[in-house]
Amino acid sequence: MNSDIYRSARGREAVARWCTERLDAWPVPHQRLTIIANGVATHAVVAGAGPRTVVFVPGTNFNAAGCLPLATALAPQSRVVLPDVPGQPGLSSPMRVPAGERLAWYGRWLTDVIAQTAEGPAVLVGHSLGAAIALSSSSPLVVRQVLVSPGGLVRARTGPGILVPATSWLLRRSPAASARLLETMHAPENRPRRELVDWMTLIARHVRSSLDPGRAVVADRRVDRVVVSGAHDRYFPARALAPAVQRSLGLELGVIPSAGHLSVDEQPGHIAALATS
C-alpha cells in the first residue's frame, strides 16, 4: 500500500462528507463500523437481520453510500454488510494496492472482512471489480457467490463510445460529463440517479481513478455461484463475457433485461432476489 488515491486532503474530505451525508439521509436503520482487515482500516455499513449475511463488494469508484438502492432491497430479507474497498473512494483506507498483487491482496482482505462481520453462512455479492475480488476470496463461511458483470475474466471494452465520454469526464470534471459517462453504464431506457452524477463529478475532481484489476484468479474452493450481466452492458458485453464465464467457471451467464453495466443500481430487486433465493 504505497500511494494515496486522493489528489488532496481537501478532496478526501469532500468524498467523506458526501458518503456521510448519504448515509445520514438513508432511512434504513443501520450501523457503521470501522475494522482492521488485512492490516488496513475498513469502513462497513451493516443493516437488516436474518439467518444469513449478504456481503456486497462494489465495483471501481463505488462504495456503500453509492449503492444504497441495492442495500435497501437486501435489508428486509437478510443481514447485509457493505464494506468500502480500500484503495477506492469512500470511507476506508485511501492507500492504493500495488497492481502486481492487487487481487490476491483483496482476496485476503475480503476473507478477513467476512470473518469479522458475518453471522452464520454468508452470501457474497460482487459487482465488476468487486466480483473479481469475490472470486479471489477463499472464505469458508461463504456458501454462495453472486457475480455481477465480473471483472478479471475478460478485459473491459473501451471503444470510442466509451473512451470519448470517459476522456471528457476526466478532463471536464463537470456534472454534464459525469452524466454522459454514466449513461454508457445504463440501459438506454434508464437514466442515472442524480446522486450518482454528483458522485462521479466528485471522483473526477478529487480522485486518481484506478485501472483494470488484472486477471482474476479463482480461489481453490468449491462454492455455489451464479454469474449475471446486464443485457446492455457495454463494458463486459455478454457475447464476450459468456464464453469466459463458461471457460473459467463452467457456468452459463445469466442476462438481466433492461440493465447495463450498473445493473446493481438499475435492477436492485433482481440482484437481491439472486442473493436471497
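A few remarks follow.
- Residues of segment 44-64 satisfying the condition of being touching a Leu at 6+ places or on another chain (Cβ under 6 Å) and either without any contact (Cβ under 8 Å) to a residue 60 or more places away in the chain or assigned to a loop (DSSP other than H, G, I, E, B) (or both): Val45, Gly59, Thr60, Ala64
- Taking the listed residues Ala73, Ala16, the one that is touching a helix residue (DSSP H, G or I) at 6+ places or on another chain (Cβ under 7 Å), of a type in the set (A, V, I, L, M, F, W, C) and assigned to a helix (DSSP H, G or I) is Ala73, with no other qualifying.
- Helices (runs of 4 or more DSSP H) within segment 206-277 that include 3 or more residues of a type in the set (A, V, I, L, M, F, W, C) and either at pLDDT 95 or above or closer than 24 Å to Val80 by Cβ (or both): 238-249, 268-276
- Of the residues examined, Gly250 is one that is over 29 Å from Val97 (Cα atoms) and not acidic (Asp, Glu).
- Selected residue (only one of Gly59, Gly50 is at pLDDT below 95 and in contact with a Ser or Thr (Cβ under 9 Å, 6 or more places away or on another chain)): Gly50
- Given (1) in a loop (DSSP other than H, G, I, E, B); (2) modelled with pLDDT of 95 or more, index of the condition Leu202 fails: (1)
- Scanning segment 115-127 turns up no residue that is charged (D, E, K, R) and under 16 Å from Ala238 (Cα atoms).
- Answer residue from segment 241-258, given it is out of contact with any Ser or Thr (no Cβ under 8 Å at 6 or more places or on another chain) and either among the hydroxyl-bearing types (Ser, Thr, Tyr) or under 21 Å from Leu182 (Cα atoms) (or both) and is surrounded by the fewest Cβ atoms within 10 Å (Cβ to Cβ) among those: Pro257
- Candidate set: segment 1-33, residues that are under 17 Å from Glu119 (Cα atoms) and without any contact (Cβ under 8 Å) to a residue 60 or more places away in the chain; chosen: the one surrounded by the fewest Cβ atoms within 10 Å (Cβ to Cβ): Gln31
- Residue count for segment 211-240, restricted to those that are among the small types (Gly, Ala, Ser), crowded, with 18+ Cβ neighbours inside 10 Å and touching a strand residue (DSSP E or B) at 6+ places or on another chain (Cβ under 7 Å): 3.
- Residues satisfying the stated conditions in segment 87-129, i.e. of a type outside the set (S, T, N, Q) and closer than 16 Å to Val223 by Cβ: Gly107, Leu110, Ile114, Ala115, Ala118, Gly120, Pro121, Ala122, Val123, Leu124, Val125, Gly126
- Enumeration of residues in segment 78-136 that are charged (D, E, K, R) and out of contact with any strand residue (DSSP E or B) (no Cβ under 8 Å at 6 or more places or on another chain): Glu101, Arg102, Arg108
- Residue check, Glu189 touching a residue at least 60 places away in the same chain (Cβ under 8 Å), among the acidic types (Asp, Glu) and out of contact with any Leu (no Cβ under 8 Å at 6 or more places or on another chain): yes
- Test for Gly214: is it out of contact with any Phe, Trp or Tyr (no Cβ under 8 Å at 6 or more places or on another chain), under 30 Å from Ala9 (Cα atoms) and among the small types (Gly, Ala, Ser): yes
- When segment 77-129 is filtered for residues that are at pLDDT 95 or above and among the charged types (D, E, K, R), the ones remaining, listed by number, are Arg79, Asp84, Arg108, Asp112.
The values are calculated or read from the model by the stated rules, or taken from the named source; none is laboratory data. Given the structure is predicted, the values throughout are model-derived calculations rather than measurements. Ideal geometry is used to build each Cβ from the backbone, glycine not excepted, and the neighbour counts take in all protein chains shown.
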